[in-house]
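Notes follow once the structure below has been shown.
Just so you know, all these numbers are worked out from the coordinates, no wet-lab data involved. Predicted, not measured: the structure shown is a model, and the values here were computed from it. Don't worry about glycine lacking a Cβ; one is built from the backbone with ideal geometry, like all the others, and counts go over all protein chains shown.
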């Protein structure tokens, strides 16, 4: 019979050496965890910050060294057995063992799945031509950076954060850029219509050809290399690089093979437990209970990874903790810092304050008279105030959220 995991002791294996996985290891050692910690990463690189990949790293403003989260000495000092370049291939839940790609096995008392997500590739004709790329990993970013140095035309497929950040970086480097977005506005999953419209105007003012309601029908090529694209509207566009920014797929194969429930992510409870009490999941790969009992959601953000890591570490230490943090995100495009707090889906009124013409304004999203989210552009004070107002237990009304002389506009 397999004994129950011992809180605060034993052997903890963390699969995934990104922000979420490394943060669990850090939190455990800071909490005084005395057990063995193994950090297993499929990538050969040291754990690195992912957000700069589409921005400062692409433009050369940040080097590889600047991306590293911790120096090599950290793992030795904290007695964390870091195993880079080794994917986990299977989990034996009965024996509490993980098999790695080199055939070795590790035994665990606590297992943490921080396997992240993978970029969705294009599937249209010509998707396999050289120059058709994704941007998710350091390897992706390094390859894209090299091509940007000689390319003239970039077509970005998808108007989300990654695609738009890469578009802004490419314009800074002098490339001609076209963004194709199938929906009728940019960043539709993350921000409200007013913010979408503003960012479309800003990108156009920087020379980006933003085409809404259009996708990619095919990549055109010669001698195995991309030379252009054909859009769903029938237009032909030149392209040395075609960048797919069409979202990600959570890396759930390992969990599914182990018999853990999956629904657009590894299903966890508020304590980040899977259906197996000895296994936790967090970060981009997990689907967790949404605030206000509205089902399961999955978030892709540094904040989400860090806050959930604290919950996982507390659980391993035998403490009672639940993930209830207010979600917040950010995106840097040109000289605009977009900061988002809360989830605006389902809002029934919006309030705007600031100056759009100066690229300094915020949009407050209300639902039934309560503040549920804020999108801020170059107004960090509004963002920080929103994080306090939307903290767990708070129920801000209109008067709390904003000056009363701003009237709400019903959508």
Query raised in the report: So, by mean Cβ neighbours within 10 angstrom, what's the order for 135-141, 125-131 with the highest one leading?
Result: 135-141, 125-131
Query raised in the report: Which order, highest average first, do 146-152, 108-114, 242-248, 324-330 follow once you tally other Cβ atoms within 10 Å for each residue and take the mean per peptide?
Result: 108-114, 242-248, 324-330, 146-152
Requested in this report: Sticking with the crude label model, points 7 Å out along Cα→Cβ, report the distance from residue 76 to residue 391 in nm, one decimal please.
Outcome: 4.1
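Can you put 172, 388 in order, fewest other beta carbons within 10 Å first?
Values: 172 16, 388 12.
Sorted ascending by nearby Cβ count, the order is 388, 172.
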Query raised in the report: So what is log10(I(q)/I(0)) for region 1-148 at q = 0.08, 0.18 1/Å, when the Debye sum runs over its Cα atoms only?
Result: -0.28, -1.08
**Report entry** Estimated D of region 121-246 in µm² per second, where Rh is the Kirkwood radius over Cα pairs and Stokes-Einstein applies at 20 °C, 1.002 mPa s
**Finding:** 150
Query raised in the report: Under a no-solvent Debye model with one identical scatterer per Cα of the chain, what's log10 I(q)/I(0) at q = 0.06, 0.07 Å⁻¹?
Result: -0.26, -0.36
Query - Rg followed by Dmax, in Å, when region 293-364 is reduced to its Cα trace - result: 16.3, 52
Query raised in the report: Considering only DSSP beta bridges with both partners in region 76-215, what is the antiparallel share in %, to the nearest 5?
Result: 45
Report summary line: From the Cα centre of region 62-112 to that of region 322-341, the distance in Å is 29
Report summary line: At q = 0.14, 0.15, 0.23 1/Å the base-10 log of I(q)/I(0) from the Debye formula over the alpha-carbon atoms of region 171-221 is -0.40, -0.45, -0.90
Report task. Please give the contour-minus-distance gain from residue 324 to residue 92: 0.36 nm per residue of separation, less the Cα-Cα distance, rounded to one decimal in nm. Result -> 80.4 nm
Query raised in the report: Which residue, 74, 199, 161, tops the fluctuation ranking in a GNM of the chain built on C-alpha contacts under 10 Å?
Result: 74
**Report entry** Distance between modelled label sites at residue 355 and residue 367, nm, 7 Å Cα→Cβ extension
**Finding:** 3.4
Report summary line: Note on the chain, DSSP bridge orientation, antiparallel percent to nearest 5 equals 60
**Report entry** Calculated FRET efficiency for the pair residue 130/residue 104, C-beta based, R₀ 35 Å, to 0.05
**Finding:** 0.50
Report summary line: From DSSP H assignment alone, runs of 4+ in the chain each adding -39500 (n - 2.57), the sum over residues rounded to the nearest 500 puts [θ] at 222 nm at -6500 deg cm²/dmol
